[in-house]
């Protein structure tokens with residue numbers, strides 16, 4: 001208690017020093033996060049019903065984008081097949097609902113998450129672990145191929161509905177309550193997004209996250225420090241797969257429909273677009289990117305359905321060329337993107353005294 | 001017996017098509033270190049140009065002859081404007097070329113109205129060998145593939161242009177110091193790879209009909225083939241393409257087609273995992 005008061009006094013005294021002021025810039029990221037959360041929580045109150053349904057979709061896709069941002073933005077694994085986990089979980093829960101009549105939220109969401117987790121362990125373990133570290137290109141193409149193969153399997157396998165997918169999935173239930181699309185589903189998805197977001201944020205700001213940041217910046221040096229770089233990557237990949245699985249099961253019940261595109265290259269590249277647009281390696285950027293891309297696409301698709309993908313391509317090219325850190329880098333500095341680790345200066349002084 | 005022969009020809013001709021498509025992809029990947037996601041769209045452009053010529057009333061073969069040059073030109077311009085900014089980072093190159101491919105694909109989709117368009121074979125009919133009949137055009141594709149493969153090999157291994165390309169690949173700094181204009185060489189190599197894709201597109205469009213997703217259909221097969229063959233040489237990707245093409249065509253005769261597709265990919269990825277350097281290791285022609 002005493003030490004705490006002393007620390008505050010110290011900090012107040014130190015506030016006069018210019019070096020100290022440079023060390024404590026205004027934190028923009030929490031402001032962005034707060035604004036996003038406030039905006040997201042009032043959305044169903046101000047929007048028409050059909051727009052709430054659209055907003056729910058965006059929230060679920062943002063959850064999916066989060067999984068990709070964790071994998072690419074923090075661990076530097078280019079997962080071009082993130083939809084494999086998303087879609088497989090979607091198919092998995094759709095089959096549960098269709099064949100076994102299990103729709104309880106307490107069963108389907110954990111099972112969807114587990115499907116994503118299990119597939120990510122298998123694929124990640126195979127692609128990332130091994131005697132020689134895998135090249136970035138190999139992992140990128142390996143995940144892409146995995147998603148493509150799953151897509152082909154979904155299209156050709158009659159049990160999975162073939163080209164048409166599985167339609168009219170019965171709604172998710174809690175006891176006797178049915179989650180239909182609308183505000184309730186929206187808040188469910190938003191609540192899960194917030195929980196997962198906080199979990200990811202905790203993960204990347206922990207000591208584990210510090211090792212990840214090192215991995216992203218200089219993998220070799222992290223390996224020389226004695227970290228098992230490949231194991232770290234495999235862990236993050238697995239966590240990413242689990243989150244994608246959760247998002248996929250939510251998506252399947254929300255759209256009451258799963259189809260082969262959902263496991264394939266189409267959705268895989270879509271999530272890459274979201275994160276690149278928003279800004280990789282920031283978590284908030286993934287959410288912002290999803291909202292912007294989906295919002296623009298929703299807005300433009302009425303009148304400009306044909307040229308919208310072209311515009312998307314041009315915008316993506318511009319972002320890659322001129323804003324490699326995404327749109328969020330307009331407001332977010334590099335220092336905050338990397339984040340602060342270890343003791344703050346205040347705590348250090350306490351430790352010294 | 002007749003069936004076996006037909007199957008064999010089927011495997012051969014599909015293998016040839018994959019080789020033709022992978023040639024350009026392999027040259028760009030091996031010589032420049034870029035996995036070009038827009039390669040499938042160069043194939044599409046070649047096919048589209050052929051269709052355009054045909055719909056204007058020109059003979060099909062004129063469109064086929066012009067397509068490689070036009071697509072090569074497009075490749076050269078794109079390299080100068082965009083691709084050369086990506087050399088430092090292979091992943092960024094993937095994403096950038098993906099965006100480029102998206103633009104080209106959707107433009108063509110808009111131009112064709114999302115329809116499936118047919119282009120007739122310039123050499124129709126079939127070749128009769130006793131009791132068997134094989135498609136004359138598919139046979140022509142096999143012949144052209146062999147010729148193009150030989151020509152590419154000679155170009156890279158026997159000419160001074162090939163020497164410059166290899167020198168630039170091996171040691172860009174030394175190549176520059178020796179008076180080779182490396183940016184020009186990179187541009188020319190990329191254009192060459194694009195032109196090969198354009199040729200492939202022009203030749204296969206009568207077989208597969210023209211639709212906007214024509215290129216993407218072969219892209220992943222192409223990448224897997226390049227990795228199986230081994231990046232860094234000319235002959236590696238070609239061999240990889242032969243293996244992947246033959247397997248993709250042969251397996252559906254043995255097991256159900258649905259599983260065959262998936263099986264080829266699983267097999268290929270497992271092979272690359274065990275042998276990351278591919279069938280042919282090292283940098284040579």
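The values are calculated or read from the model by the stated rules, or taken from the named source; none is laboratory data. If you're wondering where the values come from, they're calculated on a predicted model, not measured in any experiment. Cβ placement follows ideal geometry from the backbone for every residue including glycine, while neighbour counts extend to all protein chains displayed.
Kindly indicate which of A:155, A:201 is out of contact with any helix residue (DSSP H, G or I) (no Cβ under 8 Å at 6 or more places or on another chain), surrounded by 15 or more Cβ atoms within 10 Å (Cβ to Cβ) and in a helix (DSSP H, G or I).
A:201
Could you check, for region B:13-31, whether at least one of its residues is over 15 Å from the mean Cα position of the chain (by Cα) and either assigned to a helix (DSSP H, G or I) or closer than 21 Å to residue B:202 by Cβ (or both)?
No, the conditions are met nowhere in region B:13-31.
Give the residues of region A:46-76 that are free of Cβ contacts under 8 Å to residues at least 24 places away in the same chain and in contact with a helix residue (DSSP H, G or I) (Cβ under 9 Å, 6 or more places away or on another chain), sorted by residue number.
Taking region A:46-76 as the starting set, the residues that turn out to be free of Cβ contacts under 8 Å to residues at least 24 places away in the same chain are A:46-48, A:50-51.
Scanning region A:46-76 gives A:47, A:51.
How do the helices (runs of 4 or more DSSP H) wholly within region B:114-217 filter down when requiring 2 or more residues that are modelled with pLDDT of 85 or more and under 26 Å from residue B:44 (Cα atoms): which remain?
B:136-158, B:182-208
Would you check if residue A:212 is surrounded by 14 or more Cβ atoms within 10 Å (Cβ to Cβ) and within 14 Å of chain B (Cβ to nearest Cβ)? Before the answer, list the steps.
Details: surrounded by 14 or more Cβ atoms within 10 Å (Cβ to Cβ): yes; within 14 Å of chain B (Cβ to nearest Cβ): no.
For residue A:212, the condition - surrounded by 14 or more Cβ atoms within 10 Å (Cβ to Cβ) and within 14 Å of chain B (Cβ to nearest Cβ) - is not met.
Can you find a residue in region B:130-137 that is crowded, with 17+ Cβ neighbours inside 10 Å, under 30 Å from residue A:266 (Cβ atoms) and touching a helix residue (DSSP H, G or I) at 6+ places or on another chain (Cβ under 6 Å)?
As a first pass, look at region B:130-137 and keep what is crowded, with 17+ Cβ neighbours inside 10 Å: B:134-135, B:137.
Those still in the list that are under 30 Å from residue A:266 (Cβ atoms) too: none.
For region B:130-137, residues crowded, with 17+ Cβ neighbours inside 10 Å, under 30 Å from residue A:266 (Cβ atoms) and touching a helix residue (DSSP H, G or I) at 6+ places or on another chain (Cβ under 6 Å): absent.
Could you say which residue among A:76, A:125 is outside any helix (DSSP H, G or I), closer than 29 Å to residue B:223 by Cβ and within 14 Å of another protein chain (Cβ to nearest Cβ)?
A:76
Pick from A:275, A:267, A:287, A:271: which is buried (at least 22 other Cβ atoms within 10 Å of the Cβ), within 11 Å of chain B (Cβ to nearest Cβ), touching a helix residue (DSSP H, G or I) at 6+ places or on another chain (Cβ under 6 Å) and part of a helix (DSSP H, G or I)?
Going through A:275, A:267, A:287, A:271 in turn, just one is buried (at least 22 other Cβ atoms within 10 Å of the Cβ), within 11 Å of chain B (Cβ to nearest Cβ), touching a helix residue (DSSP H, G or I) at 6+ places or on another chain (Cβ under 6 Å) and part of a helix (DSSP H, G or I): A:275.
Among the candidates A:100, A:95, single out the residue that is without any contact (Cβ under 8 Å) to a residue 60 or more places away in the chain, more than 10 Å from every other protein chain (Cβ to nearest Cβ), surrounded by fewer than 19 Cβ atoms within 10 Å (Cβ to Cβ) and over 18 Å from the mean Cα position of the chain (by Cα).
Exactly one residue qualifies, and that residue is A:100.
Determine, yes or no, whether residue B:37 is touching a helix residue (DSSP H, G or I) at 6+ places or on another chain (Cβ under 8 Å), at pLDDT 85 or above, within 30 Å of residue A:318 (Cβ to Cβ) and outside any helix (DSSP H, G or I). It would help to see each step written out before you state the result.
Working: touching a helix residue (DSSP H, G or I) at 6+ places or on another chain (Cβ under 8 Å): yes; at pLDDT 85 or above: yes; within 30 Å of residue A:318 (Cβ to Cβ): yes; outside any helix (DSSP H, G or I): yes.
Yes; evaluated as a whole, the condition is true for this residue.
Taking region A:305-323, which residues are within 7 Å of chain B (Cβ to nearest Cβ), under 21 Å from the mean Cα position of the chain (by Cα) and over 16 Å from residue A:294 (Cα atoms)?
Passing the criteria: only A:320.
Give region B:141-154 a look and list any residue that's surrounded by 16 or more Cβ atoms within 10 Å (Cβ to Cβ) and closer than 13 Å to residue B:12 by Cβ, or say none.
Of everything in region B:141-154, those that are surrounded by 16 or more Cβ atoms within 10 Å (Cβ to Cβ) and closer than 13 Å to residue B:12 by Cβ turn out to be B:141, B:142, B:145.
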